[in-house]
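Participant: Before anything else, here's the structure in question.
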Amino acid sequence: MQQAELSIVIPVKNVEKTIGGVLRSIASQIVGMDVEVIVVDMESRDRTILEGYQLFKELGLQGGVVRNGDNDPGSALNTGLQRANGTFVTFLFLHRLYRDFLNDYLQTARQGADVVFGCDDAIGVRAAERRVISAAVKSNTGADFACEMVRGNLTVDPAALMVRQAFLDQHHIQFREGIRYGMEEEFVFRCLISGDTVLQAPVIPEKDTIFGGRYWGGALDSKETASASVPGKEIFESVDAMIRIYDFIRLQHRQKDELLMLFRYQKFPESVMKCVDELLRQGLDYRFIKGCIKRGDYQRLLETDGKVTEVELKRRVGMWKRLPWLYQPK
């Protein structure tokens with residue numbers, strides 16, 4: 001089989017009414033490009049698969065629809081990666097669509113990039129342009145970008161991310177399976193930290209508002225999933241994901257002391273408090289949440305540092321520790 005330049009992997013479930021708009025949007029964006037589209041179906045119970053087959057034929061798209069069974073989104077994404085034939089691969093998540101960035105990303109990726117992502121604003125575009133056109137401007141490493149992510153100065157969305165397939169294979173990078181929370185962020189950090197050449201394309205991916213949808217971990221699910229019960233203890237999977245990344249950073253040969261400090265005193269407490277805030281918003285009692293934190297041994301992660309931890313986060317952690325019954329979610 002001839003290799004495409006780019007593979008687009010799309011996990012779906014029960015989206016017969018919207019898959020047409022999505023695939024037509026993709027088709028309009030890849031005219032003249034060597035792209036294959038891989039739709040991974042998570043055992044839809046409607047006409048998603050049939051609609052997908054018909055649209056591939058109608059639109060003349062390369063690729064096809066793959067059945068993955070009723071598994072989690074991480075499994076579906078990994079199935080897509082295994083089937084992907086492109087030099088580069090990108091992912092499309094139906095809960096947040098972007099458009100008009102693929103060509104710019106490919107132009108950047110052709111410079112030898114392992115990982116490519118876009119900019120949040122015009123200031124980021126200008127900085128990325130300077131790095132591209134001037135050898136005198138210091139190029140950021142993947143670890144540099146990861147630090148900026150933790151500081152909250154940069155967003156790297158896996159829904160607007162492009163990676164070299166051979167790079168993923170070489171470093172054995174896949175999506176974590178069997179979890180609902182933290183899967184995407186863990187994948188992004190693994191890519192950034194492992195990449196030898198991580199480049200920021202001078203483009204702002206434009207949000208596409210084909211439709212809205214309730215999201216649970218990587219695919220637009222059915223009404224049944226949309227009305228799922230309160231996440232409860234499993235939301236702390238996102239904290240476990242960041243612990244794995246911290247351990248991964250420590251095992252890297254390259255020096256990453258700054259990133260380790262940021263994870264310990266910013267990312268860890270921030271991740272725990274995000275879980276606390278979400279569970280409180282869902283109406284759960286603070287004593288139940290305290291019990292979850294104790295059982296998961298997450299209390300040790302609520303450590304702050306005056307030089308590293310954001311002031312507001314430090315205040316929130318202090319309030320939760322001292323007066324949890326008075327704490328209000330952010």
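The values are calculated or read from the model by the stated rules, or taken from the named source; none is laboratory data. Computed from a prediction, not measured in an experiment: that's the story for all the values here. Here the Cβ positions follow ideal geometry from the backbone for every residue, glycine too, while neighbour counts run over all protein chains shown. Just so you know, the surface numbers come from the protein's heavy atoms only, side chains and all, with ligands and any DNA or RNA stripped out. Shrake-Rupley method; radii C 1.70, N 1.55, O 1.52, S 1.80 Å.
Conditions tested, residue by residue: (1) open to solvent by 60 Å² or more (accessible area, probe 1.4 Å); (2) farther than 25 Å from MET261 by Cβ; (3) of a type in the set (Gly, Ala, Ser).
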residue	(1), (2), (3)
ASN140	no, no, no
ASP144	no, no, no
ASN153	yes, no, no
ALA159	no, yes, yes
MET162	no, yes, no
GLN170	yes, yes, no
ARG176	yes, no, no
GLY182	no, no, yes
ARG190	no, no, no
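Participant: Would you confirm whether any residue within the range 161-174 is more than 16 Å from the chain's Cα centre (by Cα), modelled with pLDDT of 90 or more and assigned to a loop (DSSP other than H, G, I, E, B)?
Facilitator: Yes, that holds for at least one residue.
Participant: Next question, about the same structure. What number goes with the only condition from (1) of a type in the set (Asp, Glu); (2) touching a residue at least 40 places away in the same chain (Cβ under 8 Å); (3) over 27 Å from GLU129 (Cβ atoms) that ASP169 does not pass?
Facilitator: With (1) of a type in the set (Asp, Glu); (2) touching a residue at least 40 places away in the same chain (Cβ under 8 Å); (3) over 27 Å from GLU129 (Cβ atoms) applied to ASP169, the lone miss is (2).
Participant: Take the conditions among the small types (Gly, Ala, Ser) and open to solvent by 20 Å² or more (accessible area, probe 1.4 Å) and apply them to GLY60. Does it pass?
Facilitator: yes
Participant: Name the one entry in ASP114, ASP120 that is surrounded by fewer than 19 Cβ atoms within 10 Å (Cβ to Cβ) and among the acidic types (Asp, Glu).
Facilitator: ASP120
Participant: What number of residues within the range 67-92 satisfy the criterion of being in contact with a helix residue (DSSP H, G or I) (Cβ under 9 Å, 6 or more places away or on another chain) and either buried (at least 21 other Cβ atoms within 10 Å of the Cβ) or under 20 Å from VAL115 (Cα atoms) (or both)?
Facilitator: Within the range 67-92, residues that are in contact with a helix residue (DSSP H, G or I) (Cβ under 9 Å, 6 or more places away or on another chain) and either buried (at least 21 other Cβ atoms within 10 Å of the Cβ) or under 20 Å from VAL115 (Cα atoms) (or both) number 15.
Participant: If you don't mind, another one. I'd like the full set of residues that are open to solvent by 20 Å² or more (accessible area, probe 1.4 Å) and at negative phi, limited to the range 31-43.
Facilitator: VAL31, MET33, ASP34
Participant: For residues that are part of a loop (DSSP other than H, G, I, E, B) and at pLDDT below 50, scanning just the range 198-219, find the one that is most open to solvent (accessible area, probe 1.4 Å).
Facilitator: Top of the filtered list is ARG214.
Participant: Follow-up. How many residues are among the basic types (Lys, Arg), modelled with pLDDT under 95 and over 11 Å from ALA146 (Cβ atoms) if we restrict to the range 245-278?
Facilitator: Final tally of qualifying residues: 2.
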